[in-house]
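Report on the structure given below.
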Amino acid sequence: MRAVVVTEPGPPEVLQVREVPDAVAGPGEVLIRVTATAVNRADLLQRQGNYPPPAGAPPYLGLECSGTVAGLGDGVDEFAVGEQVCALLAGGGYAQLVAVPVGQVVPAPRGLALVDAAAVPEAFCTVWSMAFGEQAGRLRRGERLLVHGGSSGIGTTAIQLAASLGATVLTTAGTRRKTEFCQRLGATVAINYREEEFADRVLEETLGDGVDVVLDNMGAPYLAPNMRCLAVGGRLIVLGLQGGRRGELDLGALLARRATVHAAGLRARPAAEKARIVAETRRNTWPLLESGAVRPVIDRVLRLEDAAEAHRLVDSSEHIGKVVLRVAQ
Ligand SMILES: NC(=O)c1ccc[n+]([C@@H]2O[C@H](COP(=O)([O-])OP(=O)(O)OC[C@H]3O[C@@H](n4cnc5c(N)ncnc54)[C@H](OP(=O)(O)O)[C@@H]3O)[C@@H](O)[C@H]2O)c1
């Protein structure tokens with residue numbers, strides 16, 4: 001099969017399409033002939049050598065894909081060869097074939113183009129489990145969500161899911177083009193963080209109450225302002241560390257608010273936990289995708305051979321939503 005390999009840790013140019021041994025479905029796995037994969041910020045870190053794949057994962061980049069079932073490992077009878085699916089991967093999406101534990105594979109949402117379905121698993125599973133999941137954000141109808149980086153893959157998903165489930169959404173983004181896009185998508189308030197202190201504006205918009213859940217991609221520099229605009233009983237959910245990992249937390253503020261700080265990643269979790277997240281995400285969000293109430297926001301679709309260009313684009317943050325790579329067979 002052909003796959004994108006990282007020839008050495010470095011800039012986007014190190015991504016090269018090469019002939020590599022075919023992926024093979026082991027026991028409990030599904031072999032997928034990949035139609036498309038999508039770029040995640042984590043792929044940029046892996047390319048630079050800063051985010052190695054967990055033990056047992058394919059060595060290639062790619063945390064999600066869509067495609068057709070090409071084979072079934074021992075003990076798998078949930079899918080049929082030829083069925084259209086999408087999957088949450090621990091790696092290996094930038095390739096013609098990938099083998100995935102069956103619990104991470106789901107039928108592609110009906111009514112969505114199979115190429116577009118590649119942009120669903122990582123963002124929808126992350127947002128569902130982190131913003132709404134019982135063990136993290138527990139966001140409910142009538143509550144307020146602040147999601148940073150509203151134009152990102154994660155942000156565009158969170159805005160739509162939260163708004164369609166009856167929460168009020170506030171968000172941040174770095175340009176007017178992006179804040180306007182976020183408002184069209186369902187955010188009630190979109191703050192240009194380059195022009196305003198987001199915490200001041202959030203407190204102003206919520207009449208001093210703050211928000212119930214924050215989905216944070218920045219880490220250290222946003223810890224204090226996130227705490228400042230968190231409501232009593234609030235949940236600060238850290239899912240990215242783009243601004244740094246070490247910050248100072250005012251435990252007094254946490255105590256006064258009876259608040260929670262929760263940080264977690266999806267990729268390194270055991271297969272059984274990922275299977276639970278994938279099943280919950282499917283149950284709760286596939287009906288919204290299939291009715292057209294929410295959709296993956298796709299900036300553009302490039303060819304797998306253009307992976308370097310896709311990484312440059314995501315690195316520049318000029319994109320809105322996801323950048324998809326179509327895989328020729
Ligand atoms: N924990 C997990 O399992 C998990 C899973 C998936 C993703 N993530 C994390 O979620 C985040 C988004 O991922 P993605 O793949 O959707 O990335 P992405 O599309 O590349 O988005 C990154 C976003 O960060 C925004 N940003 C940069 N500086 C900012 C600032 N100071 N304040 C607010 N926003 C800022 C950029 O927007 P502007 O251009 O507006 O600055 C951009 O939209 C990343 O941190 C990623 O690592 C975590």
Checked segment 30-51 for anything in a loop (DSSP other than H, G, I, E, B) and within 18 Å of the chain's Cα centre (by Cα); matches are Val39, Asn40, Tyr51
Number of positions in segment 23-45 that are surrounded by fewer than 22 Cβ atoms within 10 Å (Cβ to Cβ), in contact (Cβ under 8 Å) with a residue 40 or more places away in the chain and over 14 Å from Val105 (Cα atoms): 6
Please find, within segment 189-207, the residue that is surrounded by the most Cβ atoms within 10 Å (Cβ to Cβ) out of those that are in contact with a helix residue (DSSP H, G or I) (Cβ under 8 Å, 6 or more places away or on another chain) and not in a strand (DSSP E or B). Phe198
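Yes/no per residue for (1) farther than 24 Å from Thr172 by Cβ; (2) modelled with pLDDT under 95; (3) crowded, with 16+ Cβ neighbours inside 10 Å; (4) under 21 Å from the mean Cα position of the chain (by Cα):
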position	(1), (2), (3), (4)
Val214	no, no, yes, yes
Val238	no, no, yes, yes
Arg245	no, no, no, yes
Arg258	yes, no, no, no
Arg282	yes, no, yes, yes
Val301	yes, no, yes, yes
Taking segment 280-304 on its own, how many of its residues are of a type in the set (Asp, Glu) and either out of contact with any Lys or Arg (no Cβ under 6 Å at 6 or more places or on another chain) or in a loop (DSSP other than H, G, I, E, B) (or both)? 2
Within segment 71-179, strands (runs of 3 or more DSSP E) holding 3 or more residues that are within 14 Å of the ligand (Cβ to nearest atom) and buried (at least 24 other Cβ atoms within 10 Å of the Cβ): 168-173
Ala275 - would you say it is surrounded by 14 or more Cβ atoms within 10 Å (Cβ to Cβ), modelled with pLDDT of 95 or more, over 22 Å from Leu145 (Cβ atoms) and not basic (Lys, Arg)? yes
State the number of residues belonging to segment 264-279 that are within 15 Å of the ligand (Cβ to nearest atom) and not in a loop (DSSP other than H, G, I, E, B). 5
Are any residues in segment 229-251 away from the ligand (no atom under 15 Å from the Cβ), farther than 18 Å from Arg138 by Cα and either in contact with an Asp or Glu (Cβ under 9 Å, 6 or more places away or on another chain) or acidic (Asp, Glu) (or both), and if so, which ones? Glu248, Asp250
Tell me, which residue of segment 283-329 that is within 16 Å of the ligand (Cβ to nearest atom), touching a Ser or Thr at 6+ places or on another chain (Cβ under 8 Å) and of a type in the set (A, V, I, L, M) is nearest to Glu19 (Cα to Cα)? Leu325
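The values are calculated or read from the model by the stated rules, or taken from the named source; none is laboratory data. Just so we're clear, the structure is a prediction, and the values are computed from it rather than from any experiment. Here Cβ is always computed from backbone atoms with ideal geometry, including for glycine, and neighbour counts include all displayed protein chains.
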